[in-house]
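Chemist: Below is the structure I would like to discuss, written out as structure tokens.
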Amino acid sequence: MEQTRSSEHSAFQGKVALVTGSSRGIGRSIALRFARAGAEVVVNYRKAGGSSQAAAEALCQEIAGMGRRATAIQANIASKEAVRSLLQAVRERIERLDFLILNAARAPFKPIERLLERELRQLVETNYFGNIFCVQEALPLLEASGGTVVFISSLGSRFYNPAYPLGSMKAAMESVVRDLGESLWDRRIAVNGICAGIVKTDSLKVLRQYWEEIDLMPDDLFVDPEEIADVALFLCSPQSRGIRGQMLVVDRGLSNRLYRPIPKTMSRKERE
Ligand SMILES: NC(=O)c1ccc[n+]([C@@H]2O[C@H](COP(=O)([O-])OP(=O)(O)OC[C@H]3O[C@@H](n4cnc5c(N)ncnc54)[C@H](OP(=O)(O)O)[C@@H]3O)[C@@H](O)[C@H]2O)c1
């Protein structure tokens, strides 16, 4: 066990991870996991001032208490300019980047057909454009380090939920992961992703308002944020070197359960 810990440490020591949207939730756990493995961490968050900034700064202090360096940088990934400044700050202040964890996401919970134009734009700008801006701006640093990109997706990319328009962006990004996994391979950059099950974070509190059945789900089927963080670390470790452009499902088997009760839908006769 000690030997495993020290070899893990040597794989991540002196390396730098940027985790988008890591002031709270899954991103926070990923930032802590990389720090524990020996990496320096850049904690990104969206909203300047207020609880998000306070949480990001508190996280950096916690990481400093572990003897690792951490820097909090505000940037709304939906803005190309903001992403450019974020990566410029990484280049100037830290001078390297090994791991880009595309974790930030923001979306309304409502059916696609009811999305207002501004909600639809925000959905695409944050969750599609934003992630691609991050990859584009990080490319020179990742190429120099032979780095890794890990995208955090969700089961909404594959399964219907009446109030989860984010699912369509996750599906689009899973295709981007496959494409970048191929196109960046020769530039020594690995690109993979995690398709995560349901995790108890702030966003679940909102989802619960639209999806009452979620409270019927056995506790054992909820994924711990640390379980996602462990797989993100694995995808950045030399042990994952044979994986290219793939999504790993981390859902405690939730998506295996086809026997769950099927909700009543319109019969063929009613429809016709
Ligand atoms: N929770 C789940 O059940 C679940 C399941 C599968 C996959 N996921 C995925 O896992 C990731 C994290 O989810 P979570 O539940 O931990 O989220 P969360 O608790 O809602 O936290 C979201 C984080 O992203 C940041 N963020 C949002 N929009 C941003 C933007 N435009 N630019 C920069 N940062 C931004 C937020 O910063 P502010 O606080 O400043 O807004 C916050 O730090 C997401 O990609 C999500 O889709 C979640």
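The values are calculated or read from the model by the stated rules, or taken from the named source; none is laboratory data. Owing to the predicted nature of the structure, the values given are computational and were not obtained by experimental measurement. No Cβ is skipped: glycine too gets one built from the backbone with ideal geometry, and neighbour counts run over all protein chains shown. Ligands, DNA and RNA are stripped out before the accessible areas are found, and what is left, the full protein with its side chains, is counted by its heavy atoms. Shrake-Rupley method; radii C 1.70, N 1.55, O 1.52, S 1.80 Å.
Chemist: Relative contact order for the chain using alpha-carbon pairs under 8 Å, separation at least 6, rounded to a whole percent?
Modeler: With pairs under 8 Å counted, the relative contact order is 17 percent.
Chemist: While we're here: Let me make sure I get this right: for segment 122-272, a, b and c are the square roots of the gyration tensor eigenvalues over alpha carbons, sorted descending. Under 1.5 in a/c it's rounded, otherwise prolate if a/b > b/c, else oblate. Which is it? Intermediate values should be presented prior to the final figure.
Modeler: On the way: a/c = 2.19, a/b = 1.80, b/c = 1.22.
Prolate.
Chemist: A follow-up question, please. In nm, to one decimal, how far is the modelled label at D215 from the one at D179, with both set 7 Å along Cα→Cβ?
Modeler: Placing both labels 7 Å along Cα→Cβ, they lie 4.2 nm apart.
Chemist: Per residue of segment 242-252, in order, report the coupling 6.51 cos²θ - 1.76 cosθ + 1.60 (Karplus, θ = phi - 60°) as ³J(HN,Hα) in whole Hz, putting x for Gly and Pro.
Modeler: x, 9, 9, x, 10, 10, 9, 7, 10, 9, 6
Chemist: Between E62 and F159, what is the FRET efficiency for a Förster distance of 25 Å, r being their Cβ-Cβ separation, to the nearest 0.05?
Modeler: So, using R0 = 25 Å, E works out to roughly 0.10.
Chemist: Label points 7 Å out from Cα along the Cβ direction at A172 and D202: separation in nm?
Modeler: Result: 2.4 nm between the two label points.
Chemist: While we're here: Go ahead and run the numbers for FRET between S79 and N256, Cβ-Cβ distance against an R0 of 35 Å, rounding to 0.05.
Modeler: Numbers: r = 39 Å, r/R0 = 1.12.
About 0.35, to the nearest 0.05.
Chemist: Carbon and sulfur: what percent of the chain's accessible surface (1.4 Å probe)?
Modeler: Looking at the chain in its full context, I get 51 percent from C and S.
Chemist: State in Å² the accessible area per residue of the chain; use a 1.4 Å probe, count heavy atoms of protein chains only, and round to the nearest integer.
Modeler: 53
Chemist: Working with all protein chains in place, sort Y210, Y128, Y164, Y45 by solvent-accessible area computed with a 1.4 Å probe, largest first.
Modeler: In descending accessible area the options line up as Y210, Y128, Y164, Y45.
Chemist: What order do M169, M266 take when sorted by accessible area (1.4 Å probe), most exposed first?
Modeler: M266, M169
Chemist: Pop a pseudo-label 7 angstrom from the Cα along the beta-carbon direction at both M266 and E143 and give the gap in nm to one decimal.
Modeler: 5.2
Chemist: Here's a follow-up. Suppose we keep just the alpha-carbon trace of segment 2-271; what are its Rg and Dmax in angstrom?
Modeler: Computed over the Cα atoms of segment 2-271, radius of gyration and Dmax are 18.7, 66 Å.
Chemist: Let me ask something additional. What is the total of Lys pairs in segment 2-271 with C-alpha atoms under 29 Å apart, excluding same-chain pairs fewer than 8 positions apart?
Modeler: So the count works out to 20.
Chemist: To continue, here is another question. At 20 angstrom or more along the helix axis (alpha-carbon based) and mean Kyte-Doolittle of -1.0 or higher, what helices does the chain contain? Whole DSSP H runs only.
Modeler: 50-65, 130-145, 166-183
Chemist: Another one. Once phi is turned into θ = phi - 60°, what whole-Hz ³J(HN,Hα) does the Karplus curve with 6.51, -1.76 and 1.60 give for every residue of segment 217-222, x standing for Gly and Pro?
Modeler: Going residue by residue, I get 6, x, 4, 4, 8, 7 Hz, with x marking Gly and Pro.
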